[in-house]
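Peer 1: Before I ask anything, let me first share the structure, which is written out below as structure tokens.
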Amino acid sequence: MPVALITGGGKGLGACIARHLVSEGYKVVIADIDGAQAQETADEIGDQAIAITLDVSSESAVEEALDVVEQRCGLPWLLVNNAAIMKAEKLLEISMGSFDSIVSVNLRGTFLVSQRFARRLRAADKSGRIVNIGSLAGQNGGTATGAHYAASKGAVHTLTKVFARDLAPHGITVNAIAPGPLDLPSVAETIGAENAKRAFASLPTGEPGRPETVARMVAEMARPDAGAMTGSIIDINSGLYMR
Ligand SMILES: NC(=O)c1ccc[n+]([C@@H]2O[C@H](COP(=O)([O-])OP(=O)(O)OC[C@H]3O[C@@H](n4cnc5c(N)ncnc54)[C@H](O)[C@@H]3O)[C@@H](O)[C@H]2O)c1
């Protein structure tokens with residue numbers, strides 16, 4: 001049974017990805033800074049899910065978490081870098097504390113977990129899959145989220161390409177998904193309920209992205225026979241931006 005490690009899997013998109021991967025025959029490790037939330041989601045999913053508490057921005061915590069995962073389920077086949085902080089703050093009002101906290105989870109966390117996972121795959125001479133959750137904001141600057149968030153996600157797209165290039169000879173693929181607004185509570189939590197309603201109503205397709213669409217794309221990217229798909233950034237953005 002393949003194992004998937006999903007960062008930020010306690011709720012929202014990460015929890016949806018975890019549920020979908022279990023339906024596809026995976027065992028999932030839900031790794032979230034909110035350990036209680038991760039446990040709740042794992043309990044809800046059942047036997048095929050375990051929860052661990054993890055701050056993706058901490059080097060020692062990432063190494064310890066990977067040790068625990070390896071001991072409990074073996075080295076995962078799939079890593080989904082989904083943990084992120086989203087904030088809507090005006091450019092001129094962003095404090096350096098806020099900037100650093102977002103970059104440290106969204107960018108540093110994605111780099112750190114990916115690098116340490118890839119090191120372990122290489123040491124074991126194994127292939128694997130990495131899927132990064134990027135964002136439309138990382139491509140076009142976004143509409144409502146702040147410069148820190150948009151820049152961190154743009155960097156996640158760049159990391160996707162660099163990791164894909166360097167790991168291609170080793171059977172490790174690295175892809176990203178760049179969602180626009182998704183039908184999730186986090187949108188209203190980030191930009192306010194009224195703004196979220198307006199944003200959803202003005203989407204070209206008339207509907208926000210479904211988390212399930214993203215989850216199915218993760219599973220597709222992770223297929224063992226999808227080895228030629230690497231370095232791709234797939235848009236699911238309701239027609240807001242076409243490259
Ligand atoms: N919601 C959207 O419309 C949307 C759009 C584009 C991209 N995304 C991306 O999708 C992903 C999931 O977003 P969501 O809407 O489910 O958000 P969410 O806030 O509901 O979930 C994020 C999860 O990440 C966890 N987390 C935060 N900091 C962490 C850390 N340091 N270490 C480990 N876990 C941490 C949180 O506890 C939470 O469970 C993010 O990468 C986000 O940028 C979301």
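The values are calculated or read from the model by the stated rules, or taken from the named source; none is laboratory data. All values reported here derive from a predicted model rather than from experimental measurement. With ideal geometry, Cβ positions are generated from the backbone for all residues, glycine too; neighbour counts draw on all protein chains shown.
Peer 1: Restricting the range 121-157 to residues that are in contact with a Leu (Cβ under 6 Å, 6 or more places away or on another chain) and assigned to a helix (DSSP H, G or I), which is farthest from the ligand (Cβ to nearest atom)?
Peer 2: Selected residue: Ala147.
Peer 1: Tell me which of these Ile85 doesn't satisfy, since it passes every other one: (1) at negative phi; (2) more than 8 Å from the ligand (Cβ to nearest atom); (3) not hydroxyl-bearing (Ser, Thr, Tyr).
Peer 2: (2)
Peer 1: Return yes or no: is Val113 more than 22 Å from Met242 (Cα to Cα), in contact with a Ser or Thr (Cβ under 7 Å, 6 or more places away or on another chain) and outside any loop (DSSP other than H, G, I, E, B)?
Peer 2: It is true that Val113 is more than 22 Å from Met242 (Cα to Cα), in contact with a Ser or Thr (Cβ under 7 Å, 6 or more places away or on another chain) and outside any loop (DSSP other than H, G, I, E, B).
Peer 1: How many residues, within the range 185-196, are near the ligand (Cβ under 7 Å from one of its atoms) and crowded, with 20+ Cβ neighbours inside 10 Å?
Peer 2: Selection size over the range 185-196: 1.
Peer 1: Any idea which of Val69, Val62, Val56, Val29 is buried (at least 17 other Cβ atoms within 10 Å of the Cβ), at pLDDT 95 or above and out of contact with any helix residue (DSSP H, G or I) (no Cβ under 9 Å at 6 or more places or on another chain)?
Peer 2: Val69
Peer 1: Can I ask one more? Taking interchain pairs and intrachain pairs at least six residues apart, which have beta carbon atoms under 9 angstrom, with the first residue in the range 133-153 and within 16 Å of Phe200 (Cα to Cα) and without any contact (Cβ under 8 Å) to a residue 40 or more places away in the chain and the second of a type in the set (Val, Ile, Thr) and within 8 Å of the ligand (Cβ to nearest atom)?
Peer 2: none
Peer 1: If I filter the range 167-177 for residues that are part of a loop (DSSP other than H, G, I, E, B) and near the ligand (Cβ under 10 Å from one of its atoms), do I get at least one hit?
Peer 2: No, that holds for no residue.
Peer 1: Now for a separate question. Could you check Ala222 against (1) of a type outside the set (S, T, N, Q); (2) more than 15 Å from the ligand (Cβ to nearest atom); (3) free of Cβ contacts under 8 Å to residues at least 60 places away in the same chain and say which number it fails?
Peer 2: (3)
Peer 1: Okay, next question. Regarding the range 11-19, can at least one residue be identified that is basic (Lys, Arg) and farther than 17 Å from Ala219 by Cα?
Peer 2: yes
Peer 1: It is to be established whether one or more residues within the range 200-212 are within 25 Å of Phe111 (Cα to Cα), touching a residue at least 12 places away in the same chain (Cβ under 8 Å) and of a type in the set (Lys, Arg).
Peer 2: Scanning the range 200-212, I find no residue that is within 25 Å of Phe111 (Cα to Cα), touching a residue at least 12 places away in the same chain (Cβ under 8 Å) and of a type in the set (Lys, Arg), so the answer is no.
Yes/no per residue for (1) over 22 Å from Leu107 (Cβ atoms); (2) within 10 Å of the ligand (Cβ to nearest atom); (3) in contact with a strand residue (DSSP E or B) (Cβ under 7 Å, 6 or more places away or on another chain):
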position	(1), (2), (3)
Lys27	yes, no, yes
Thr41	yes, yes, yes
Asp47	yes, no, no
Leu54	no, yes, yes
Ser57	no, yes, no
Ser60	no, no, no
Glu64	no, no, no
Val68	yes, no, yes
Trp77	yes, no, yes
